[in-house]
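Chemist: Provided herewith is a single structure, encoded as structure tokens, for subsequent inquiry.
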Amino acid sequence: MKAPYLDPAVGRYLYAHTTQPDDVLENLILETREAAGDQAVMQITPDEGRFLTMITQLSYARNVIEIGTFTGYSAICLARGLGPGGRLTCFDVSEEWTSIAQRHWEKAGLSDRIELRIGPAAESLRDLPVQHNVDLVFIDADKPNYQTYYDLVMPHLSPGGLILVDNTLWGGRVADPLDGEETTRIMREFNDMVFHDDRVTSVMLPIADGLTLIRKH
């Protein structure tokens with residue numbers, strides 16, 4: 001579980017009553033565990049993946065950006081929710097991990113809907129054409145650059161567009177005033193910034209390690 005603030009029994013109950021991953025996603029979970037070891041924790045949880053698919057479907061998103069792809073689980077979930085003719089653009093720095101992603105995108109029949117761009121996401125986002133409009137953005141990358149990514153995608157986000165940001169509860173540590181660890185402080189500052197941004201409305205959801213849903217006015 002990624003939610004240590006949640007009673008384990010409640011977590012198991014929630015998971016048991018969420019539609020389960022199919023064989024493609026299950027195999028990706030297993031391969032990620034074998035290949036990444038302790039780093040496999042970077043993969044999103046199945047319930048969060050199901051939420052990503054549903055929110056993409058409900059928002060009728062056709063142009064989606066993912067910042068931080070790892071082995072591709074979240075990309076599959078986002079791409080499966082795209083509307084007709086929809087496209088997902090993924091930004092990541094690791095050719096090693098995304099090579100796993102690409103094989104499983106092929107198995108899922110989604111390779112034609114996903115574009116992968118390798119390199120620092122901030123540089124790639126700065127290169128987006130001014131007229132490049134985005135319906136939904138999922139941010140799940142290096143925490144110190146969360147605000148940079150947020151600032152760079154905001155001008156491209158369509159009115160009513162969504163940003164989803166992962167790990168915003170940071171294991172519940174953001175709520176502990178005695179926790180002064182650097183990443184905890186960074187996440188706290190990011191959460192405060194979003195809360196005070198009058199361009200958006202937001203809600204923080206206790207899904208996995210915390211998922212903030214942000215809607216541009």
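Chemist: Need the failing condition index for residue 207 against (1) buried (at least 21 other Cβ atoms within 10 Å of the Cβ); (2) within 26 Å of residue 72 (Cβ to Cβ); (3) more than 14 Å from the chain's Cα centre (by Cα), just the number.
Modeler: Just one mismatch for residue 207, condition (3).
Chemist: Give the residue that is least open to solvent (accessible area, probe 1.4 Å), with candidates limited to residues of the range 151-182 that are polar (S, T, N, Q) and on the phi < 0 side of the Ramachandran plot.
Modeler: Within the range 151-182, the match that is least open to solvent (accessible area, probe 1.4 Å) is 168.
Chemist: Report, ordered by the first and then the second residue, all pairs with beta carbons closer than 8 Å, sequence separation of six or more or different chains, a first member in the range 192-217 that is in contact (Cβ under 8 Å) with a residue 40 or more places away in the chain and over 29 Å from residue 46 (Cβ atoms), and a second member that is open to solvent by 10 Å² or more (accessible area, probe 1.4 Å) and among the β-branched types (Val, Ile, Thr).
Modeler: 217/200; 217/201
Chemist: If you don't mind, there's one more thing I want to ask. Return the only residue of 42, 54 being open to solvent by 50 Å² or more (accessible area, probe 1.4 Å) and in contact with a helix residue (DSSP H, G or I) (Cβ under 8 Å, 6 or more places away or on another chain).
Modeler: 42
Chemist: Exactly one of these conditions fails for residue 24: (1) closer than 21 Å to residue 141 by Cα; (2) open to solvent by 20 Å² or more (accessible area, probe 1.4 Å); (3) of a type in the set (Val, Ile, Thr). Give me its number.
Modeler: Tallying (1) closer than 21 Å to residue 141 by Cα; (2) open to solvent by 20 Å² or more (accessible area, probe 1.4 Å); (3) of a type in the set (Val, Ile, Thr), residue 24 fails exactly one: (1).
Chemist: Let me ask another. Output the residue which, of all residues in the range 163-200 that are polar (S, T, N, Q) and in a helix (DSSP H, G or I), is nearest to the chain's Cα centre (by Cα).
Modeler: 191
The values are calculated or read from the model by the stated rules, or taken from the named source; none is laboratory data. As the structure is a prediction and not an experimental result, all values here were calculated from the model. Every residue, glycine as well, gets a Cβ built from its backbone with ideal geometry; the counts of neighbours run over all protein chains shown. Note: areas computed on protein heavy atoms with side chains; ligands, DNA, RNA excluded. Shrake-Rupley method; radii C 1.70, N 1.55, O 1.52, S 1.80 Å.
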